[in-house]
């Protein structure tokens, strides 16, 4: 354990030479204590898009303060939707004056979830013009499932100079849709489009993630008729119109998992509160397999971790399988494991841009296609590294918690898209970590 004076080396007054904020971490501190998780980004974004479906006032609680949430609210303002926070995590959205408009490239390029407005616009106005999305840098994720599902509801869809142009002048109509692969985004878009489509829509191989369950329940509270929630077969009976509703945002299961891995990688003892343990089964199972002791309460999880994790095999799969959004964090954990581990990503085969940066910290990782072979080492070494996407930023910070010396993580604007003040939460648990303002 380092002496307290060493912590002072990382100060808020330091500035970077890159012109961007960075996170600086001094490794070697064991995390201990209690920390609260925030609301789910991946649940918040489709619920906000759903306010396009019916004019009126909506009130949301447990809304995280994140860049992606701000981007979605700015996107909705282009359609005449007003919003304001009534508390740190309380949000009021007024869609009374909403109208159809274009979802422009300058916003959609920064956040893939902007495509969630496609279904609601088409359902409400019979036409939509949405830029093809951008977002994370680790590889393309095609939108063909979104487009095909709209076509199967009777829309005519074209690609015009980088924009998805969809029209349904006679309204959408129910259909039988089977996804080749389970897609959270495409399932969410389809749910919002089908809620007011004429007739019945059946969906096979629908995503079952908690974020989709939250969207289903919100749409039902708006007057939608949906059966099969939490199952891969969904049935939506179209209704003529919907009405506004209020909703709390579910806990962010990826933030919870990241905090638990932070405890595990430091051999710590941490309780994360404000969680839904039913969303965490695969993550908790792998942490236990790696040697941690897990205590589950109705709304909290406590982890007691060994000095070094045991080697394990991890394969990402759709929920309830192991989430791809936890792959990078577990790679950081297993980099200091007591043996050789393997990680296979079956969801996104090219989601490994963090590997090169972890190797800059001394990690021993070998890639073969969509499989990473990780040989655990007793220690890593601090170095300057660069975040390449949201979860990669978290993985590099986690690795920095156990790396000798100082780790400097640049491009942390990726982190701010999906983690609310992560550095402050880790600091409260005993980490030596600071955000350095440019």
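Each reported figure results from applying straightforward, stated rules to the coordinates on display, with no laboratory input. Source: prediction; values computed, not measured. Every residue, glycine as well, gets a Cβ built from its backbone with ideal geometry; the counts of neighbours run over all protein chains shown.
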Global form of segment 41-248, assessed from the alpha-carbon gyration tensor, a/c cut-off 1.5: rounded
Per-peptide average of other Cβ atoms within 10 Å, ordering 250-262, 204-216, 334-346, 99-111 highest first: 250-262, 204-216, 334-346, 99-111
Inter-centroid distance (Cα atoms) of segment 259-313 relative to segment 407-423, Å: 22 Å
Mean Cα-pair separation over length for segment 41-248, i.e. relative contact order, pairs under 8 Å, 6 or more apart, %: 20 percent
Part-to-part distance (alpha-carbon centres) for segment 77-139 and segment 143-164, which is given in Å: 17 Å
Mean separation of Cα contacts under 8 Å (6+ apart) over length of segment 330-408, as relative contact order %: 35 percent
Residues 316, 278, sorted so that the one with the fewest Cβ neighbours within 10 Å comes first: 278, 316
